[in-house]
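To keep things clear, I will list the structure first and then write my remarks on it.
No value in this document is a laboratory result; all are computed from the given coordinates. What you see is a predicted model; the values in this text were computed from it and never measured. Note: ideal-geometry Cβ built from the backbone for every residue, glycine included; neighbour counts use all protein chains shown.
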Amino acid sequence: MQLNLTGQTVAVIGSSNGIGRAVAAGFLAEGCHVRGFDRVAPSDLTGPDPIATTLGDVTAFAEVKAFAATFPSVDHVVFTVGVGSGKFGFPFWNLDPADWARVLDINLIGAVNVAHAFAPALIARGGGSFLVFVSVAGQIGSQSDPPYSAAKAGLINFMQCAAKDFAPHGVRANAISPGMVQTALNQSVWAAAQNLLPADQRRSYADWAGEKIRKIAPLGRWQTPAEFAALATFLASDHAKNITGQTLNVDGGQVMHS
């Protein structure tokens, strides 16, 4: 399938590592001009980085606006940022209300900042797409980290609002919802859970995660960053011109709606 994205300009927010890094590389492989925005520089490179990265904070609207202003025009904007509380929130009162603010600010308000910053350029273009990465946690109320679940649920709802507002201008908005992915975020959930256990009851990450994925995902296997990159590029293409306001799960069957 030819995606015909060559020459298009893509902004990837959270581009330095994990899923965001794979998404940026996926668009680059399709011949796009890709520019990243992240709070840290890429850490997994062995040579020159073909993706220019602007360092900044998604919670600082002025920094996001300044990044958006450097684009003469933009075709696609992808928000891949995701952080957890760093604590195990089951039951929810294991956390303090103070643990919520940072998680909501980065995952939800960060995406809102990006949408506001890039909306004028997308509208002026009269097309293109706005894509956010959410989580199955935002659909099922994952008890491991309630602030993260709530933030991603809010982002799904905001994406739907944005899809309706963008539609008259020919701009599409969608969300990709990962399930179990071997990223630093997933490992932080494991670490937080183990810290609550006596030393003799703690388990390795491989053992804990392997059992969890067998229990919750019917296909019983991990999802990979490359799979999300493939879907992200497809959603940017004209093959997806009638897809908007949707949350697409790539989760091994973890979330099913009857």
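Amide H to amide H, with H built 1.01 Å from N, N249 comes under 5 Å of S177, counting only residues 5 or more places away or on other chains.
Provide, as a two-decimal number, the C-alpha radius of gyration of region 34-88 over 2.2 N^0.38 Å, N being how many residues it has. Walk me through the numbers before you get to the answer.
Numbers: Rg = 13.2 Å, N = 55, 2.2 N^0.38 = 10.1 Å.
That works out to 1.31 for region 34-88.
The per residue volume of the convex hull around the alpha-carbon atoms of region 156-195 is 82 Å³. Each Cα pair under 8 Å and six or more residues apart adds its sequence gap; the mean of these over the residue count of the chain is a relative contact order of 21 percent. Relative to the longest principal axis of the Cα atoms of the chain, the long axis of helix 205-216 makes an angle of roughly 80 degrees. Helix 110-125 and the long axis of the chain differ in direction by around 20°, with both axes built from C-alpha atoms. Pairs of lysines in region 9-250 whose Cα atoms sit within less than 30 Å of one another amount to 11, provided the residues are eight or more positions apart or on different chains. For region 9-250, a simple Cβ point-charge model (Lys and Arg +1, Asp and Glu -1, everything else neutral) yields a dipole of about 360 debye relative to the Cα centre. Spin-label model, A101 to I123: label points 7 Å out along the Cα-to-beta-carbon direction sit 3.2 nm apart. Build a GNM of the chain with springs between Cα atoms under 10 Å apart, and of I140, I106, I176 the one that fluctuates most is I140. Comparing R202, R35, R125 in a Gaussian network model of the chain, where Cα atoms under 10 Å apart are tied by springs, the biggest mean-square fluctuation is seen for R202. With the Kirkwood sum run over all distinct C-alpha pairs, region 52-192 has a hydrodynamic radius of 15.8 Å.
Helical runs (DSSP H, four residues minimum) scored at -39500 (n - 2.57) apiece and divided by the length of the chain put the mean residue ellipticity at 222 nm at -12000 deg cm²/dmol.
Computed from Cα atoms alone, the Kirkwood hydrodynamic radius reported for region 76-123 is 12.4 Å. You can think of it this way: the chain between A69 and K164 has 31.8 nm of extra reach, that is 0.36 nm per residue less the Cα-Cα gap.
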